[in-house]
Amino acid sequence: MKFFVDTADTKEIADLAATGLLDGVTTNPSLIHKSGRSFLEVVAEICKIVPGPVSAEVVALDHETMMKEAAVLRKIAGNVAIKVPLTLDGLKTCKKLSDDGVKVNVTLCFSANQALLAAKAGAAFISPFVGRHDDYGLDGMQLIADIRLIYDNYDFDTEILVASVRHPIHVLESARIGADVMTAPPAVIRALFKHPLTDKGIEGFMADWAKTGQSII
Ligand code: E4P
């Protein structure tokens with residue numbers, strides 16, 4: 001499963017990219033607002049840090065303006081993936097851009113039928129929002145399982161990009177189901193490295209090593 005980080009904080013991105021475990025980045029208008037920076041500048045900076053796809057979202061709601069915004073975003077770097085909302089105009093834009101060889105991430109997906117439409121429109125990625133789904137008392141991970149089944153039934157190439165990930169269990173379940181990608185905030189990715197028994201084990205080994213009085217270098 002590929003790991004994308006869901007943030008516009010370039011320091012965090014650079015730090016996580018240094019682990020070699022980061023395959024891409026997703027941003028959205030709220031994350032850009034949170035960064036307090038210029039959208040185009042921040043995307044350009046991220047594209048230099050991470051070679052994988054960097055999702056940059058259009059903000060227009062009509063197809064024609066979406067296409068114009070996508071043209072601006074595409075010029076930033078070769079690894080920009082255009083993010084469009086799962087609406088009729090968004091999927092029209094997805095089809096047009098995908099036919100033109102552009103990677104499109106269809107976002108704000110909340111049903112398996114929507115995911116089916118996105119795949120038919122040639123999306124490179126579909127982003128079902130599991131956390132927001134759970135917030136409504138629905139089962140976000142069941143949505144991922146349904147999309148996996150449907151995409152496998154028809155051999156769709158569209159990658160399932162699990163979004164709105166809130167905790168490590170979402171990551172674990174995504175991997176169990178066989179999602180292609182998950183995107184999570186930096187804190188969730190950092191939490192994946194942690195286990196209290198790892199910390200306790202290190203503590204014990206360090207204490208005993210100190211008693212040997214030796215050093216390796
Ligand atoms: C993904 O592309 C979205 O930007 C993101 O995962 C949304 O997450 P949220 O529901 O925590 O805002």
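Worth a mention:
- The residues on offer are 48, 96, and the sole one that is away from the ligand (no atom under 16 Å from the Cβ), among the basic types (Lys, Arg), farther than 27 Å from residue 172 by Cα and crowded, with 16+ Cβ neighbours inside 10 Å is 96.
- Test: residue in the range 127-139 that is closer than 15 Å to residue 156 by Cα, outside any helix (DSSP H, G or I) and hydrophobic (A, V, I, L, M, F, W, C): no
- Residues of the range 39-63 satisfying the condition of being in contact (Cβ under 8 Å) with a residue 24 or more places away in the chain and either part of a helix (DSSP H, G or I) or among the polar types (S, T, N, Q) (or both): 40, 42, 43, 44, 45, 46, 47, 48, 49, 55, 63
- Yes/no for residue 169 being within 27 Å of the chain's Cα centre (by Cα) and surrounded by 18 or more Cβ atoms within 10 Å (Cβ to Cβ): no
- Residues that are among the hydrophobic types (A, V, I, L, M, F, W, C) and either near the ligand (Cβ under 10 Å from one of its atoms) or crowded, with 18+ Cβ neighbours inside 10 Å (or both) within the range 1-23 comprise 3, 4, 5, 8, 13, 16, 17, 22, listed in sequence order.
- Subset of the range 64-93 that is part of a loop (DSSP other than H, G, I, E, B) and under 20 Å from residue 119 (Cα atoms) - its residue that is farthest from the ligand (Cβ to nearest atom): 87
- Among residues of the range 175-189 that are touching a residue at least 60 places away in the same chain (Cβ under 8 Å), those with a beta-carbon under 6 Å from a residue that is surrounded by fewer than 18 Cβ atoms within 10 Å (Cβ to Cβ) and assigned to a helix (DSSP H, G or I) at least six positions away or on a different chain give the pairs 186/12.
- When the residues of the range 99-119 are filtered to those that are surrounded by fewer than 22 Cβ atoms within 10 Å (Cβ to Cβ) and polar (S, T, N, Q), the one that is farthest from the ligand (Cβ to nearest atom) is 113.
- Qualifying residue in the range 184-194 (condition: under 23 Å from residue 31 (Cα atoms), away from the ligand (no atom under 15 Å from the Cβ), not charged (D, E, K, R) and not in a loop (DSSP other than H, G, I, E, B)): yes
- Within the range 150-183, tally of residues that are of a type in the set (Gly, Ala, Ser), part of a loop (DSSP other than H, G, I, E, B) and at negative phi: 1
- Among residues of the range 206-217 that are at positive phi, none has a beta-carbon under 8 Å from a residue that is modelled with pLDDT under 95 at least six positions away or on a different chain.
- Complete set of residues in the range 24-39 that are farther than 22 Å from residue 85 by Cα and within 16 Å of the ligand (Cβ to nearest atom): none
- Selection status of residue 179, closer than 23 Å to residue 120 by Cβ and hydrophobic (A, V, I, L, M, F, W, C): yes
The values are calculated or read from the model by the stated rules, or taken from the named source; none is laboratory data. Computed from a predicted structure; not experimentally measured. Please note: Cβ atoms are built from the backbone with ideal geometry, for glycine as well, and neighbour counts cover all protein chains shown.
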